[in-house]
Amino acid sequence: MPDRIYRALVLSVVKHDYLPNAVAAHPRFRLVAVADDSDRPQWTHERNQIFADTHSIPYHRDVEAALEDCDLVVVSPEAERHCDLAIRAARAGKHIVVDKPLSPSLKDCDELVAAVSEHRVKCLVWNRNFLPALVEAHHNLNSGAIGELRAIHCDFYFSKDAGPPKGSQPPDAPPINWMERQLEAHADGSDGGVGTMPLGELQIEGIYPLAYIRMLANSTVKRVFARTSSHFHQANVDNDVDDLATVSLEMDSGCVGSLSLGRIGAASHPDIGEIKLHLLGSKGSLVISEARPEVALYARDQPPAEFKHQRIADENNYLLMQNFAKAMDLDCEPILNAAGARDIAATVHAALESARSGNAVEPIR
């Protein structure tokens, strides 16, 4: 039914609002309400109400009642609540668009995968695989331009701050509270790890480069070796989570992969960060800048927080929702479903275990 308009319920919007805004911007979807549990902290209700007012839709403090009047849900709460809300939606027979990361808990991921399968609903986990550079890389691989893929590496250095730099606090300063830091960071969009559970960059952003590698290599990960560090930001040091990591991947296809990832600070790069892929094939190689195509703007009195390099031709959000509409229309799977995101979460889990133990680790299948 290509003309059907799907009604979308926003289940908590306490992180960034890019996810429900992307759904609202697509002509096949219409936001009908925001909902959350009544016992959530006051700051969550405030953020939910602001979003509801912005879109002139009601805000309900009763998730189960709100689920009765929608076709799909858009899930963007604290990271540790992603699966809980998504599972409740699946059990109500609703399709799901859920923000990344899927969950820091593999048990929660497994329960969501089971619920999606049992209730025969579609689940799209947010990703960046439709960026122009990734689409072009995928096309080149499928056309055989570099032959059989033998190795792939991704640099994913994200140029945002996370509070005071490491070592900048007085020796007697109390540890930075993770939740308080995330609430403070909301104003400038650097609150990717919203929630009571501290999350490192591997858990917050690792899904993006790992989704690239998964799509381009078309293989699951067999073994992981990783090193992590709290190198840049005091909040990460105080909460014992990484802001810099390297990961090596051995894949079932025989391809080897690697990624270097970090939140390296706003002063480190004129764009959103150094994000680049290197692909080595049996007949040639590719080097792909994720930001391309882009234009550079350098002007007198330019705002200091404005990116000097700006992406153009980026239709990732629209194409993700187009892909999801197709999945619901034709009963096929979206570009990154719950099972795929669960495997990525298992890879992240194995990487963190490897960093702790110093040994290679096999992801839990």
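The values are calculated or read from the model by the stated rules, or taken from the named source; none is laboratory data. Just so we're clear, the structure is a prediction, and the values are computed from it rather than from any experiment. No Cβ is skipped: glycine too gets one built from the backbone with ideal geometry, and neighbour counts run over all protein chains shown.
Residue-level check: of (1) touching a Leu at 6+ places or on another chain (Cβ under 7 Å); (2) under 20 Å from residue 115 (Cβ atoms), residue 20 misses just (2).
Taking the listed residues 262, 273, 340, the one that is touching a residue at least 40 places away in the same chain (Cβ under 8 Å), touching a Ser or Thr at 6+ places or on another chain (Cβ under 6 Å) and under 22 Å from residue 127 (Cβ atoms) is 273, with no other qualifying. Within the range 133-160, restricting attention to residues that are over 18 Å from residue 202 (Cβ atoms) and under 19 Å from the mean Cα position of the chain (by Cα), the residue that is surrounded by the most Cβ atoms within 10 Å (Cβ to Cβ) is 133.
Among the candidates 112, 141, 124, 102, single out the residue that is in a loop (DSSP other than H, G, I, E, B), in contact with a strand residue (DSSP E or B) (Cβ under 8 Å, 6 or more places away or on another chain) and closer than 25 Å to residue 219 by Cβ. One residue alone meets the criteria, 102. Do we find a residue being of a type in the set (A, V, I, L, M, F, W, C) and farther than 19 Å from residue 350 by Cα anywhere in the range 233-249? Yes, the conditions are met somewhere in the range 233-249. Against the condition within 29 Å of residue 324 (Cβ to Cβ) and out of contact with any helix residue (DSSP H, G or I) (no Cβ under 7 Å at 6 or more places or on another chain), how does residue 107 come out, does it pass? Yes; evaluated as a whole, the condition is true for this residue. Quick one: is residue 206 in the same structural domain as residue 339 (by TED's automatic domain parsing), buried (at least 17 other Cβ atoms within 10 Å of the Cβ) and at pLDDT below 95? Considered against the rule, which asks whether it is in the same structural domain as residue 339 (by TED's automatic domain parsing), buried (at least 17 other Cβ atoms within 10 Å of the Cβ) and at pLDDT below 95, residue 206 comes out as no.
For the range 243-266, which residues satisfy the criterion of being in contact with a helix residue (DSSP H, G or I) (Cβ under 7 Å, 6 or more places away or on another chain) and either farther than 16 Å from residue 155 by Cβ or among the aromatic types (Phe, Trp, Tyr) (or both)? 251, 253, 255, listed by residue number. Look at the range 5-48 and say how many of its residues are farther than 12 Å from residue 72 by Cβ and either hydroxyl-bearing (Ser, Thr, Tyr) or touching a Gly at 6+ places or on another chain (Cβ under 7 Å) (or both). Count: 5. Whether a residue is in a loop (DSSP other than H, G, I, E, B), acidic (Asp, Glu) and either surrounded by fewer than 17 Cβ atoms within 10 Å (Cβ to Cβ) or in the same structural domain as residue 207 (by TED's automatic domain parsing) (or both) was assessed, and residue 274 does not pass this test. Of all the listed residues (117, 168), the sole one being surrounded by fewer than 19 Cβ atoms within 10 Å (Cβ to Cβ), part of a helix (DSSP H, G or I) and either of a type in the set (S, T, N, Q) or modelled with pLDDT under 95 (or both) is 117.
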